[in-house]
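Take a look at the structure below.
The values are calculated or read from the model by the stated rules, or taken from the named source; none is laboratory data. From a predicted model like this one, the values you see are computed outputs, not experimental measurements. No Cβ is skipped: glycine too gets one built from the backbone with ideal geometry, and neighbour counts run over all protein chains shown. Side chains included, ligands, DNA and RNA excluded: accessible areas come from the protein's heavy atoms. Shrake-Rupley method; radii C 1.70, N 1.55, O 1.52, S 1.80 Å.
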Amino acid sequence: MTQTLDILERLIGFDTVSANSNLALIDYVQSFLTDRGFQVHRVPDASGQKAGLFAVLGPAGKGVMLSAHSDVVPVTGQDWTRDPFRLNVDDGRAYGRGTTDMKGYLASMLALADRASRTTLAEPLKIALSYDEEVGCVGIQHMIGDLERTVGAPRACFVGEPTEMQVAVGHKGKAALRAVFHGQGGHSALAPKFLNALHIAGDFLAELRKIQDTLAMVGARDEAYDIPYSTVHVGQLSGGTALNIVPDSAEMIFEYRHLPADLPQDILERIQHGASKVLASFQRHFPDAAIEIDPYNAYPGLDVPPGAEVVAFAQRLAQTNGMTKVAFGTEAGFFDALDIPTVVCGPGSMEGQGHKPDEFITLEQLALCDQMMDRLLGELTGASGG
């Protein structure tokens, strides 16, 4: 625990809010692992301001991969009572931005890496560290194609998002979309002669609400989730420049989060059909009316069969018989899509502490994670007999 907290203190000191570069943290982790004999493969982004890495220690083979992300959500506008980028341990809690999501897990990973470097491994320990997870799992999308050629696919992957050390076997997939509405501008005194782009957006929003109602009433259901159906959500709507000008354009940012049984292409087709219905009502009088829909980002869901070997493996390491599904998205679906058996299991509570001011992780949760790492080390050295 002492070593994990020491590492966590270093990690919290790096301001890796997604809008910032994460290179200082990646430099630290790369040096930490290289000094301990790991082969480290750095994967930079196109801008040169971000990077992730894959690393491996031990003999050739599949082994086990531990996966984390380096970025954190912003603190701007939040009422912190402590410096968010300085670890503060008080009354059984470690405070700081990212302690729960998910530098606490990363610290435990690195502490394990140190212990593993002082043993003889019977199979390899592999590490994945990504960037820009908090803005839609962007980094792992760029990195995942390099996994096989760098460290190779593992026999199991654990993504350490906060689950209170329960084994999570599922989460919804997500698509983020942008809709741009084109109308016809003019003076508001003559508004009926023109086409208000916000009116097109309003009618399209009504169509999205109908799609949501249909998904809730007759779509797939999974009672393991707090919201047991697929959802459609509008997060931003903007348009217009002044009260006396009819807006000629507007923009909407929206998303859908889907259960595995609701195919994302089917939901997208419903959205596109709704847009066509809206346009048909306007184009009779304004032929140039248009809606452009851009699905600009997406990540896959996760749906692991309860009887899968990786579930029993994770339960054994975490010493729990329970399973759960989480409301938030993770990078696990990208590993799963490569046929790598993957579950989500990590310390802390996303609902209780994640993304909030005075974010913290309990020392008890960190200790449970360290104990899981110790059991994994026993597996990798063959000492556990597993």
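Remarks
- Condition check for Ala128: open to solvent by less than 30 Å² (accessible area, probe 1.4 Å), under 22 Å from Lys174 (Cβ atoms), of a type outside the set (D, E, K, R) and part of a strand (DSSP E or B): yes
- If you go through segment 118-145 and keep only what is hydrophobic (A, V, I, L, M, F, W, C) and closer than 25 Å to Ser21 by Cβ, you end up with Ile127, Ala128, Leu129, Val135, Cys137, Val138, Ile140, Met143, Ile144.
- Scanning segment 335-362 for residues that are at positive phi and open to solvent by 10 Å² or more (accessible area, probe 1.4 Å) yields a total of 3.
- Sub-6 Å Cβ pairs linking a first residue in segment 58-86 that is within 17 Å of Ala156 (Cβ to Cβ) to a second residue that is among the acidic types (Asp, Glu), at least 6 apart or interchain, are Gly61/Glu123; Gly63/Glu123, ordered by first then second residue.
- Count of residues meeting criterion [open to solvent by 30 Å² or more (accessible area, probe 1.4 Å) and not in a strand (DSSP E or B)] in segment 313-333: 6
- Residue pairs whose Cβ atoms lie under 9 Å apart, separated by 6 or more positions or on different chains, with the first residue in segment 286-298 and touching a residue at least 40 places away in the same chain (Cβ under 8 Å) and the second of a type in the set (Lys, Arg), are Glu292/Arg178; Ile293/Arg178; Asp294/Arg178; Pro295/Arg178; Tyr296/Arg178; Asn297/Lys174; Ala298/Lys174.
- The single condition among (1) surrounded by fewer than 17 Cβ atoms within 10 Å (Cβ to Cβ); (2) in a loop (DSSP other than H, G, I, E, B); (3) over 20 Å from the mean Cα position of the chain (by Cα) that Ser276 does not satisfy is (2).
- Contact map, segment 186-200: first residue under 19 Å from Val278 (Cα atoms), second residue open to solvent by 30 Å² or more (accessible area, probe 1.4 Å), Cβ cut-off under 6 Å, separation 6 or more or different chains; pairs are Phe194/Gln184; Leu195/Gln184; Leu195/Phe286; Ala197/Gly239; Ala197/Asp248; Ala197/Ser249; Leu198/Gly239.
- Tally, over segment 143-163, of residues that are over 13 Å from Phe335 (Cα atoms) and either surrounded by fewer than 20 Cβ atoms within 10 Å (Cβ to Cβ) or of a type in the set (A, V, I, L, M) (or both): 3
- Residue in segment 17-25 that is in contact (Cβ under 8 Å) with a residue 12 or more places away in the chain and in contact with a Gly (Cβ under 7 Å, 6 or more places away or on another chain) present: no
- Within segment 120-149, residues that are farther than 24 Å from His355 by Cα and charged (D, E, K, R) have Cβ atoms under 6 Å from residues that are open to solvent by less than 20 Å² (accessible area, probe 1.4 Å) and part of a helix (DSSP H, G or I) in these pairs: Glu123/Leu380, counting only partners at least 6 apart in sequence or on another chain.
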